[in-house]
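Chemist: Let me give you the structure first, and then I'll get to my questions.
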Amino acid sequence: MISMAFIWALIGAVIGLVIGAFILGAVDSGLDCSTITNTDGETACNNIKSYSWTIMGILPITLFLGLFRLFSGSTSQ
């Protein structure tokens, strides 16, 4: 039988991925770098958009914590 810790770990991992994807999509679509006339400003805007991938880089931490919860919950009685 599947333990409750396993279910919560999967739910946590899925929610973490969905939230990260929503944030990434919001940042990517919210910033329109084509309207900036200054070259330095456009470069900075593109850098900000590329930094939003950091959010997706943080998601493995969420997955790790979910897996940690999964395996630590399966050993406790």
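Chemist: Take the range 24-69 and flag every residue that is closer than 26 Å to Ile11 by Cα and either aliphatic (A, V, I, L, M) or touching a Lys or Arg at 6+ places or on another chain (Cβ under 9 Å) (or both).
Modeler: Hits for the range 24-69 are Leu24, Ala26, Val27, Asp28, Ile55, Met56, Ile58, Leu59, Ile61, Leu63, Leu65, Leu67.
Chemist: Here's another thing I want to ask about it. Considering only the range 29-42, how many residues are assigned to a helix (DSSP H, G or I) and surrounded by 12 or more Cβ atoms within 10 Å (Cβ to Cβ)?
Modeler: Residues flagged as assigned to a helix (DSSP H, G or I) and surrounded by 12 or more Cβ atoms within 10 Å (Cβ to Cβ) within the range 29-42 amount to 3.
Chemist: With the structure loaded, tell me whether Ile55 is under 12 Å from the mean Cα position of the chain (by Cα) and modelled with pLDDT under 70 or whether it fails that test. Spell out how you get there, then give the answer.
Modeler: Details: under 12 Å from the mean Cα position of the chain (by Cα): yes; modelled with pLDDT under 70: yes.
In short, yes.
The values are calculated or read from the model by the stated rules, or taken from the named source; none is laboratory data. This one's a predicted model, so the numbers in the text were calculated from it and none came from an experiment. All Cβ positions, glycine included, derive from the backbone under ideal geometry; neighbour counts span all protein chains shown.
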